Amino acid sequence: MKKNKIEHYTTKEALDFHSTGKPGKIEITPSKPMTTKRDLALAYSPGVASPVLEISKDNTLAYDYTSKGNLVAVISNGSAILGLGNLGAAASKPVMEGKAVLFKRFADIDSIDIEVDSKNNDEIINTIKNISCTFGGINLEDIAAPDCFIIEEKLKEIVDIPIFHDDQHGTAIITTAGLINALDITQKKINEIKVVVNGAGASAIACTELFKNSGVKNENLIMCDRKGVIFRGRDKLDQWKSKHAVDTKFRTLQEAINGADVFLGLSAKDALSKDMVKSMAKNPIIFACANPDPEITPEKVKEVRSDAIIATGRSDYPNQVNNLIGFPYIFRGALDVRAKTINEEMKVEAAKSIAKLARERVPDEVASAMGGLRPTYGKEYIIPSTFDPRLISVIPVAVAKAAIKTGVARKEIKDFEIYAEQLKNRLDPSVTVMQGINSVIKKKPKRVVFADGEDENNLKAAIAFKNSGLGIPILVAKEELVKKKLSKIGYNEDLDIEIVNSTNEEKRKKYTNYLFKKLQREQGLLERDCDKMVRNDRVIWSTCMVSCGDADAMVTGNTRRYSSSLEKVSTVVNARPGEIIFGLNLVVNRGKTVLIADTAVNEWPNSEQLANIAISSSRIAKLFGMDPKVAFLSHSTFGQPTTERTSKVREAVEILNKKQVDFKYDGEMQPDVALEEIFKELYPFSEIVGSANVLIMPGLHASAISFKLIKSMSRAKVIGPLLIGLAEPIEIAPLRTSTSEILNLASVAAYSAEIIDYNKK
């Protein structure tokens, strides 16, 4: 099976991802109810005439009555797609859809991709000009130089919304942020440093201009292209290169780099040699940003310069120059003040805000959201992680302030503290949570057993787990059946994944002995009974693998009922001392994130059990970067009405009162009281009313019904159910679980194996 350059996935996996279900990666959904005749009359005819007439009097009112203020067009002609080249407008659509998805996932910006099938700059410019009134901003993407310069400059002159070519300015902003911090660490002044830029394409020129706007002197920066140094008097320089030509005797990169403080590479693999690095000034700053392979690897730099600060465009090295840190949040700030453009001042302030964020101590809740990582400002942390959830509340604020200050904003923001809080609420925590978890487990790969290895979704999840570098999958299956399944779904039969089963006599005997020691007194089972269980049940076998140290974690399910899988797992593994086993779901819907428990295990928990579920759930909430506010749910609110069942819930609250726990809680209350702010005025004594994010259900019947309704009838995003309280890192997938959901559970299991001390013998 053909793989991509970094071998994280097969071509078949990528094609399946884009074609499964609804083809593509985006869709349009209504933001208003469309259920009644009256709704339709308001949405369209005759009600739609009212905003039409208002906008006809004042076009700026389109921001108030339409989606314009939160809508960005991602536009390309496919002339420079990624590193693939000029493949045409249609071929660029998957990339542009992907960009639209990133806008939505990281900054809650609605985005539509538009592919313009033309290489004529005037045609492209006119097309964008004529549709610009629809959008709050335009993101140009994958347009070849010098056309990208021409198109952007002309559009800035003729339209009154932000025009932003991310290939240029996104890279420039992140690189400048890194430069600011690298200079701070090395105690160098920006107006004194010597800079060499290798590469003279769109990104390199944009970086050069922003470096200069940030304080680098024109005469102190030398730019090189394939022909060498760009110097004054060199023949055949276009207007963009000639702007950065300097008087110099140097003609080659090797000559220019001697004594340089900073190297910025946006060129090609191996363009910078170790000898060149040796010749640089003390404490050199090296940004080797060629993708996928940098101008020089950090390993090679460290061989000759221990004093260097190094950044690349890759995620497997520290200090990744990643545009994702910038463009969603820059547009967020620009849109929120209805900016006419994204000017240099806004870019500089964006860079400064990114740089400042890296210097701040990473708080506990952010470290949790980043998978427990707490990087500290220094040589290997000069740029914030793409996983840092603070980005959305920092960069847009800086951009918005700069827009207002420079007079390009059409809307004021009265209170920036309130604005920052509003921005935080736009973030999808499920993305941040899984990214943080995955970043941890990639560093210390765990052996994860996929108990149902012959199931198609489990098999795909195992392949994705391996190919994404998340860990080492182990399939419990028959090899011949796996090969048949692989062939059926279009994968290479020669799968480089360990496959185990009960034909392994040594392991079978080991697991039988383990199980017999545990169950002979607990259940009165004979050794042959345990042998039969190990031989015939892959869940039992897989759980024994984890318990006996032959694997670090396990995921099962999708092929049988949850209760059946749990029963088998519980035969081998008990609860952790002092804990209760329960199911916990993380649910994200319309910007609201809640944890719901117990969704899987305890049919009718007593008051003590409810209190313990609340304690464990609050601990998990903190791991996810949340400040837990626990609501004990019931059909009544604060004693109205009082019944036997509501009394049980109230008793759970009393138990917590005596335990003096370190999180906020209250109850009993109905779910709308727990979640909707309108009830705060009715119950002003409670800090939980209207703001709960951990919901403790009174029983499994209520939780299962509620959770399944939410999942089936809304667009909620779900992680889980997570199996909490078990003495081993094991997760169970319910029936009909998707590949991506199984993959998430496998990651959670591996993460648990890393961060939780299970006190294994």
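The values are calculated or read from the model by the stated rules, or taken from the named source; none is laboratory data. Every value quoted in this text rests on a predicted model; they were computed, and no experiment measured them. Because the Cβ atoms are built from the backbone with ideal geometry, glycine has one as well, and the counts that use them run over all protein chains shown.
Structure values in brief
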| quantity | calculated |
| --- | --- |
| Any helices (runs of 4 or more DSSP H) falling wholly within segment 372-458 and containing at least 2 residues that are buried (at least 24 other Cβ atoms within 10 Å of the Cβ) and touching a residue at least 12 places away in the same chain (Cβ under 8 Å) | 391-405, 429-443 |
| Test for residue 256: is it within 19 Å of residue 223 (Cα to Cα), more than 28 Å from the chain's Cα centre (by Cα) and touching a residue at least 40 places away in the same chain (Cβ under 8 Å) | yes |
| For residue 479: the one exception among (1) charged (D, E, K, R); (2) over 16 Å from residue 739 (Cα atoms); (3) in contact (Cβ under 8 Å) with a residue 24 or more places away in the chain; (4) in contact with a strand residue (DSSP E or B) (Cβ under 7 Å, 6 or more places away or on another chain) | (3) |
| Considering residues of segment 697-747 that are polar (S, T, N, Q) and either without any contact (Cβ under 8 Å) to a residue 24 or more places away in the chain or closer than 25 Å to residue 451 by Cα (or both) only, the residue surrounded by the most Cβ atoms within 10 Å (Cβ to Cβ) | 747 |
| Elements of type helices (runs of 4 or more DSSP H) in segment 69-159, at least 3 residues being touching a Gly at 6+ places or on another chain (Cβ under 6 Å) and at pLDDT below 95 | 89-107 |
| Test result for residue 340, buried (at least 17 other Cβ atoms within 10 Å of the Cβ) and assigned to a helix (DSSP H, G or I) | no |
| Leading residue by the ranking (surrounded by the most Cβ atoms within 10 Å (Cβ to Cβ)) among those in segment 507-531 that are among the aliphatic types (A, V, I, L, M) and touching a residue at least 12 places away in the same chain (Cβ under 8 Å) | 515 |
| Some residue of segment 752-761 being of a type in the set (Gly, Ala, Ser), outside the structural domain of residue 619 (by TED's automatic domain parsing) and touching a residue at least 24 places away in the same chain (Cβ under 8 Å) | yes |
| Residues located in segment 97-138, provided they are touching a residue at least 40 places away in the same chain (Cβ under 8 Å) and over 30 Å from the mean Cα position of the chain (by Cα) | 117, 118, 119, 124, 128, 131, 133 |
| Residues of segment 387-421 classified as more than 19 Å from the chain's Cα centre (by Cα) and of a type outside the set (D, E, K, R), total | 16 |
| Residues located in segment 52-66, provided they are out of contact with any helix residue (DSSP H, G or I) (no Cβ under 7 Å at 6 or more places or on another chain), charged (D, E, K, R) and in a helix (DSSP H, G or I) | 57, 64 |
| Wholly within segment 216-327, helices (runs of 4 or more DSSP H) carrying at least 1 residues that are in contact with a Leu (Cβ under 8 Å, 6 or more places away or on another chain) | 253-257, 274-278 |
| Complete set of residues in segment 160-170 that are surrounded by 21 or more Cβ atoms within 10 Å (Cβ to Cβ) and either farther than 26 Å from residue 94 by Cα or at pLDDT 90 or above (or both) | 161, 162, 163, 164, 165 |
| Scan of segment 607-642 for residues that are of a type in the set (Lys, Arg) and over 23 Å from residue 679 (Cα atoms), ordered by number | 619, 622 |
| Filter result for the condition that a residue is in the same structural domain as residue 202 (by TED's automatic domain parsing), at negative phi and without any contact (Cβ under 8 Å) to a residue 40 or more places away in the chain, over 316, 270 | 316 |
| Qualifying residue in segment 216-228 (condition: more than 30 Å from residue 65 (Cα to Cα), within 32 Å of the chain's Cα centre (by Cα) and of a type in the set (Gly, Ala, Ser)) | no |
| Subset of segment 213-240 [buried (at least 18 other Cβ atoms within 10 Å of the Cβ) and modelled with pLDDT of 90 or more] | 214, 216, 220, 221, 222, 223, 224, 225, 229, 230, 231 |
| Residues of segment 166-193 classified as without any contact (Cβ under 8 Å) to a residue 60 or more places away in the chain and under 16 Å from residue 263 (Cβ atoms), total | 1 |
| Residue within segment 494-504 that is charged (D, E, K, R) and touching a helix residue (DSSP H, G or I) at 6+ places or on another chain (Cβ under 7 Å) present | no |
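Residues checked against (1) within 23 Å of residue 272 (Cα to Cα); (2) β-branched (Val, Ile, Thr):
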site	(1), (2)
309	yes, yes
318	yes, no
324	no, no
327	no, no
334	no, no
337	no, yes
